[in-house]
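Structure record follows, encoded as structure tokens.
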Amino acid sequence: MEKLRFHDGFELQPRSRIAFATVSTNMDSDNYRDPETFDGLRFVGTSQSERSTGRTAAVTVNDKFLSSTILSADTLSIADAVILTGFSMNTSATAINGNGLLRSFVPRIAREENPALHGSLDTGFTESAKQLFTLGEFLTFAGPAGISAEKWDKLALHLTGELDYIVCDGYCLGVFDSPAIELYENAKPVQLSLMEGASHHINFHKNATGAFGVITKFLEDNEL
């Protein structure tokens, strides 16, 4: 371990400890308006909060949380883009194999699988590959496919693996594009991408860096 010398001559010795004055910075009125008041919308923009000093780009990257709202565009000002991974809107019999979907999830009752962590939960909570989800989520898996996104006029990216077994029954080519491209007819732009040779969990695949590259390039090309 060697010391680090900065361009101005300052030297950082080995095993030095570095601390950031985050509390005092965040509570400084020179940095934030009315800093002692919690305002969850202060970074969304001046149209949403009087404490906002400007717009901060926001992207939702999951098929839960904000995304269902964004699909129907009820809160157009909240996000600048929607990026859904491992997700398809095609719920036809040629796209989704119900038995295969159930086998892919391999659901187990969470509190029985891991009593120490989930012992307080009721039997409506299950685990799949150690990820907690509710039975209601599984039973309404196809719900977003019935939501119109015609009001959404911002960026939209759908990305999944070419061999996604959960949403395409193992082969997405030809079944992934529709009806997403129609539902997002007014998105500017809408991009549908398949990762060659990858399955549902693209972030665990050997081509994970390629998938993240598609996402970051999409945002960079659209100046986000």
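Numbers for the structure displayed
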item: Full-stretch length increase - SER29, ILE109 - with 0.36 nm per residue and alpha-carbon distance subtracted; result: 23.9 nm
item: Calculated FRET efficiency for the pair SER47/ILE18, C-beta based, R₀ 35 Å, to 0.05; result: 0.40
item: Around ALA187: net Lys/Arg minus Asp/Glu count, Cβ-Cβ under 9 Å; result: 0
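Coordinate-derived values only; no laboratory data. Predicted, not measured: the structure shown is a model, and the values here were computed from it. With ideal geometry, Cβ positions are generated from the backbone for all residues, glycine too; neighbour counts draw on all protein chains shown.
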